[in-house]
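The values are calculated or read from the model by the stated rules, or taken from the named source; none is laboratory data. Since we're looking at a predicted model, the values are computed, not measured. Counting neighbours? That spans all protein chains shown, and the Cβs are built from the backbone with ideal geometry, glycine included. The accessibility values were calculated without ligands, DNA or RNA, using every heavy atom of the protein model including side chains. Shrake-Rupley method; radii C 1.70, N 1.55, O 1.52, S 1.80 Å.
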Amino acid sequence: MLSPRIAIGLCLRELIRYDDAEIELEYCLNATNNVSEENKASIEFTETYLKVITALATLKQAQSKYLEAIELYDRALPIARENQGLHSQVWLANHVAAYAEILRKSGNVFKAKKLHSEALEYRTAAVEVGACTILELASSYTQLGCTLFGLGDFSKAFNFHKKALVARVEHLDFHHSLVSESLNYCADVLQSMGNGKDGIALGMHAANIRKTAFGTFHPAYAHALSVLGSCYHS
């Protein structure tokens, strides 16, 4: 059974122990490659293989090894689409969005926009039937907002980040880290549009939340300060 080792690999990735995570997940990948052709035809193998290559892809993304991550998700996404009937629209949306994020961070924002739009459609439909939470939908708003920002479409980017902010404020404590994320993105878009003055209050609150949640030496706090500085300079 590879599931425990996949889980360990994911935990190590979250702990930023990338080398250790890579050892675990590469072991899992090698193990799937050694399975007989007869057993590879089973649904159980396909599901396990999908977990392995997507876990490894997200690790490669964290390591900024985008070409390797893309290659893995190029294999993974067709399998996920084929197996959608065994899962839900939200499950497929998560895979589509994960691949889109890798593409966005690698600079392929046009393809990322297409996939994030697809993921948003799935999550919107799922919310309408109670199969997805508003907070999951807010993730799509944020991801699409970041993608549109990368394309220079600041007005649409701001609208999506504002939607995410409204959803998060409504369902989370106002001092939650996800609220700070949306505040920070809104402030960043405003200063990019030349309206930095309007982003100062948002940026200040985002920085205060991150200072309390993460401390003064965390990259998230540093990023919030950078955005706030840009708002003052705009």
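Some observations on this one:
- Considering segment 52-75, the residues that are in contact with a Ser or Thr (Cβ under 7 Å, 6 or more places away or on another chain) and more than 19 Å from residue 24 (Cα to Cα) include one that is surrounded by the fewest Cβ atoms within 10 Å (Cβ to Cβ), namely 66.
- Filter result (aliphatic (A, V, I, L, M) and either assigned to a helix (DSSP H, G or I) or touching a Gly at 6+ places or on another chain (Cβ under 7 Å) (or both)) within segment 190-219: 190, 200, 201, 202, 204, 206, 207, 209, 213
- Residue in segment 1-17 that is least open to solvent (accessible area, probe 1.4 Å), counting only those that are of a type in the set (Gly, Ala, Ser) and in contact (Cβ under 8 Å) with a residue 12 or more places away in the chain: 9
- Residue ID - nearest to residue 175 (Cα to Cα), chosen from residues in segment 203-226 that are among the hydrophobic types (A, V, I, L, M, F, W, C) and surrounded by fewer than 24 Cβ atoms within 10 Å (Cβ to Cβ): 213
- Looking across 24, 47, one residue alone is under 30 Å from residue 124 (Cβ atoms) and not polar (S, T, N, Q). It is 47.
- Counting only residues that are open to solvent by 60 Å² or more (accessible area, probe 1.4 Å) and either touching a strand residue (DSSP E or B) at 6+ places or on another chain (Cβ under 9 Å) or not in a helix (DSSP H, G or I) (or both), segment 113-146 holds 4 of them.
- Across segment 185-202, the qualifying residues are those that are closer than 22 Å to residue 135 by Cα and touching a Cys at 6+ places or on another chain (Cβ under 9 Å), and the one among them that is most open to solvent (accessible area, probe 1.4 Å) is 185.
- Given (1) open to solvent by 50 Å² or more (accessible area, probe 1.4 Å); (2) assigned to a loop (DSSP other than H, G, I, E, B), number of the condition residue 20 does not satisfy: (2)
- Of all the residues in segment 23-51, those that are crowded, with 17+ Cβ neighbours inside 10 Å and of a type in the set (Asp, Glu) number 1.
- Among the conditions (1) surrounded by fewer than 16 Cβ atoms within 10 Å (Cβ to Cβ); (2) assigned to a helix (DSSP H, G or I); (3) in contact (Cβ under 8 Å) with a residue 24 or more places away in the chain; (4) more than 16 Å from the chain's Cα centre (by Cα), the only one that residue 158 does not satisfy is (1).
- Of the candidates 222, 187, the single residue that is over 24 Å from residue 93 (Cβ atoms), among the hydrophobic types (A, V, I, L, M, F, W, C), in contact (Cβ under 8 Å) with a residue 40 or more places away in the chain and assigned to a helix (DSSP H, G or I) is 187.
- Taking the criterion of being assigned to a helix (DSSP H, G or I) and open to solvent by 10 Å² or more (accessible area, probe 1.4 Å), the residues of segment 173-184 that qualify are 177, 178, 181.
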